[in-house]
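Worksheet: the structure to be examined is printed underneath.
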Amino acid sequence: MNLVVDSGNSRLKAGLFLGENLQEKFLFSTEQELFSFLAHHPVESAIVSTVKFSAEEILKRITARQKYLLTHTLPLPVKISYQTPETLGVDRIAAACGAITIFPHQDCLAIDAGTCITYEFVNQHNTYLGGGISPGLHLRLKAMHTYTERLPLPSLNETVELIGQNTESCMQSGVLHGTIAEMEGIILKYKEKYPDLKVVLCGGDTNFFENKLKQPIFAAPDLVLVGLNRILLHNVQL
């Protein structure tokens, strides 16, 4: 059994894989919950991707014959063509590797809708070219609340009317429908250059978009975990 750990900006997840198949996934509220899980789940090999918690602390608690920390210098199943690979977020690398696992040898755009919305493009030759980053839904609401004097901090649900009739619903409409328009516009721009483009959507806010985007997409909530496992298998087989 293989273990992958994804410590993102707002979520801490792990997955157990048998070969290429995800057997079970876990969501943790705290780092201590993850440590308790690791103590009771010995595995053969493991990989850790973290943008928040200490990689060293997580790695030393994993009982595995082979364990890896995801960085841009780790051997990858994609070629990285990026001007500053040392600044490339490991979650973005994992999403790109997940995309080529689902759509091998095809032009693919992976959209990760989380704290930030990231766009990762991998071409049919398995070369990662880059993408884009924009604020996520809740980050947009929080920015308006933080940097204005009177705007509130509303919650967000999936049924937001286009025409807001009070300040909160106007903010909700602007954020949700504006972000949907952003995604659709970006997808169309990529399709102008890559007509056979495949689009994969993942992230904690997937539910806000998967049934609202007019462009065909493939929703893959576990894309980053799948990508991490692909990277792990790539290194184990070297």
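Remark: spin-label model distance residue 158-residue 25 equals 1.5 nm, labels positioned 7 Å along the Cα→Cβ axis. Cβ-Cβ distance of residue 10 and residue 180, R₀ of 25 Å, FRET efficiency by 1/(1 + (r/R0)^6): the value works out to about 0.75.
Across all Cα pairs in region 95-229, the calculated P(r) in 5 Å bins from zero up to the longest distance comes to 2, 11, 20, 21, 17, 12, 8, 6, 3, 1, 0 percent per bin. Please report the spacing between the Cα centers of region 72-124 and region 1-70 in Å, no decimals. Distance between centres, Cα-based: 20 Å. Applying the criteria of a DSSP loop state and at most 14 other Cβ atoms within 10 Å to the GluC sites (Glu not before Pro) of region 72-181 yields 149, 158, 161. For region 188-228, the square roots a ≥ b ≥ c of the C-alpha gyration tensor eigenvalues yield an a/c of 1.5 or more together with a/b not exceeding b/c, which makes the shape oblate.
In plain terms, the residue of 91, 107, 196 with the fewest other Cβ atoms within 10 Å comes first and the most crowded comes last, giving 196, 107, 91.
In the chain, the DSSP beta bridges split such that about 60 percent are antiparallel, to the nearest 5. Only DSSP H runs of four or more residues enter the estimate; each adds -39500 (n - 2.57), and after division by the residues of the chain the mean residue ellipticity at 222 nm equals -10500 deg cm²/dmol.
The share of C-alpha pairs in the chain whose separation exceeds 27 Å stands at 38 percent.
Taking the square roots of five times each eigenvalue of the Cα gyration tensor of region 46-136, the equivalent ellipsoid has semi-axes of 23, 16, 12 Å, listed largest first.
Ranked by the mean number of other Cβ atoms within 10 Å of their residues, highest first, the peptides 132-140, 214-222, 29-37 come out as 132-140, 214-222, 29-37.
Once the chain from residue 39 to residue 106 is taken as fully extended at 0.36 nm per residue, the excess over their C-alpha distance is 20.2 nm.
Taken together, the values in this text are just the output of simple stated rules run on the coordinates, not laboratory data. In this text the structure is predicted, and so the values were computed from the model without any measurement. Here Cβ is always computed from backbone atoms with ideal geometry, including for glycine, and neighbour counts include all displayed protein chains.
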